[in-house]
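The values are calculated or read from the model by the stated rules, or taken from the named source; none is laboratory data. Keep in mind the model is a prediction, meaning the values are calculated, not measured. For neighbour counting, all protein chains shown are included, and Cβ atoms are generated from backbone atoms with ideal geometry for every residue, glycine included. Note: accessible area is taken over every heavy atom of the protein model, side chains too, but ligands, DNA and RNA are not part of it. Shrake-Rupley method; radii C 1.70, N 1.55, O 1.52, S 1.80 Å.
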Amino acid sequence: MLSSIGPSHEPPTGAARARARKQPSLATAAPYVVEDCLGLLQVLSDGTVLRFSPPPFPAGDACDDGRVEWQDAVYDADHNLGVRMYRPRRRVGVAKGAAREDQHNKKLLPLLVYFPGGGFCFGSYSYPKNHTLCLRMAAELPAVVCSFNHRLAPEHRLPAAFEDAKAALLWLPSQVFNNPWLAGRADPRRVFVSGTSSGACLAHQMAVWFGTAGLRPLKIAGYILLMPYFLSEEPTPSELSTPETALLSRERSDRYVRLAMPAGWNKDHPLVNPFGPYSPSLESADVGRMLVVAAECDLVKDKNLEYSERMKALGKDVHLALFPGQGHAFCAIKPLSAAADDVIRLIKCFI
């Protein structure tokens, strides 16, 4: 997929200026890559944006073992934004135990809203690893899971993703009662909003905007933030100590910021730094129960811990789990790992 935007600019360093001098004149040269995000997104010198599919995840097929059924739908036709809905298959009772199976089938399940990560620049429910994680959560929690896409930067800089997340939640109430896929399966009183990385930033902001009672007649029973992509202009020790080989290195993080932030903004934007110098007070926010998962070997570890501590200091009901030895977004990157098993068990206990 390709589109065209104005080229991304930043103050040139000495090395950058040297590279620029070596580049052929734009009048005669073919466009060249100026930004590359893990091979999933490239921005060319003429502003063209190229997007590529992620590599296959063979284990994803094996994980789709028939316990869960899923269906895609559109929640925002104007922006062509989709949602993938998952639900455990109904059990078929035979002979002995049929009554117990029928009772199980009639039980309403928690509804888990999930926003995938990707630095606001890439990511989708259709990515094989995200699909695998959602299959697992639907089967093992168990729950009805709705995984929502949003518009992506740099074509759509923030706050586009947050506007889409808000639209996604507002789409839900009528669907829970009227959509045959959700009605009679999802519990309208047990809605949980979650996300990984940048998706967890969306979940946090939904907590601020909707709280527990802002989506009536649905009730939001909790928010689950998996390694939220919280940043600040002042680097933290965990940021400074992150190796360049990490999935979320300083270089990659800065690239996402360049591509995603509104013009003139930096890492202290309130949408990615909820306790930054320009952020409104969260004291009156009715965020209800929160689960925050942090990873020991993660660039944003310190910001995740700070967030949890400061929310607790405001009297919020925040449960923090720090996973030793793990890196950023580990449960989404390795959804069949033992660490992902632990995260799913933790979420199951929380909901």
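Could you list, in sequence order, the residues of the range 282-297 that are farther than 21 Å from Leu158 by Cβ and assigned to a loop (DSSP other than H, G, I, E, B)?
Glu283, Ser284, Asp286, Gly288
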Discussion item. Anything in the range 113-137 that is in contact with a strand residue (DSSP E or B) (Cβ under 8 Å, 6 or more places away or on another chain), more than 15 Å from Cys331 (Cβ to Cβ) and among the hydrophobic types (A, V, I, L, M, F, W, C)? List them, or say none.
Written reply: Val113, Cys121, Phe122
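Looking only at the range 277-301, filter to residues that are of a type in the set (Gly, Ala, Ser) and under 24 Å from Gly211 (Cβ atoms); which one of those is least open to solvent (accessible area, probe 1.4 Å)?
Residue satisfying both the conditions and the ranking: Ala294.
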Practice prompt. Test Phe210 against the criterion of being more than 24 Å from Arg89 (Cα to Cα), buried (at least 22 other Cβ atoms within 10 Å of the Cβ) and more than 14 Å from the chain's Cα centre (by Cα), and give yes or no.
Written response: yes
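So which residues in the range 151-172 are open to solvent by 20 Å² or more (accessible area, probe 1.4 Å), out of contact with any Gly (no Cβ under 8 Å at 6 or more places or on another chain) and touching a residue at least 24 places away in the same chain (Cβ under 8 Å)?
Across the range 151-172, the qualifying residues are Arg151, Glu155, Arg157, Pro159, Lys166, Ala167, Leu170, Trp171.
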Discussion item. Can you pull out every residue in the range 243-267 that is open to solvent by less than 20 Å² (accessible area, probe 1.4 Å) and farther than 16 Å from Asp36 by Cα?
Written reply: Met261
Worksheet item: Name the residues in the range 228-242 that are among the aliphatic types (A, V, I, L, M), surrounded by fewer than 21 Cβ atoms within 10 Å (Cβ to Cβ) and in a loop (DSSP other than H, G, I, E, B), would you?
Response: none
Response to the item:
Checked pairs for the range 35-57, first in a loop (DSSP other than H, G, I, E, B), second β-branched (Val, Ile, Thr), C-beta under 6 Å and 6 or more apart or across chains, list as Ser45/Val34; Gly47/Ile5
Worksheet, complete the sentence: Residues in the range 239-264 that are touching a residue at least 60 places away in the same chain (Cβ under 8 Å) and either more than 14 Å from Ser198 (Cβ to Cβ) or among the small types (Gly, Ala, Ser) (or both) total 7
Discussion item. Just the residues that are open to solvent by less than 10 Å² (accessible area, probe 1.4 Å) and either under 20 Å from the mean Cα position of the chain (by Cα) or of a type in the set (Asp, Glu) (or both), please, taken from the range 184-196.
Written reply: Val191, Phe192, Val193, Ser194, Gly195, Thr196
Worksheet item: Any residue in the range 279-295 that is within 15 Å of Thr236 (Cβ to Cβ) and modelled with pLDDT of 95 or more?
Response: yes
Worksheet item: Which number in (1) part of a helix (DSSP H, G or I); (2) of a type outside the set (D, E, K, R); (3) open to solvent by less than 40 Å² (accessible area, probe 1.4 Å); (4) farther than 22 Å from Leu41 by Cβ marks the one condition that Pro274 misses?
Response: (1)
Worksheet item: If a residue has to be among the charged types (D, E, K, R) and surrounded by 18 or more Cβ atoms within 10 Å (Cβ to Cβ) to count, how many in the range 313-333 make the cut?
Response: 1
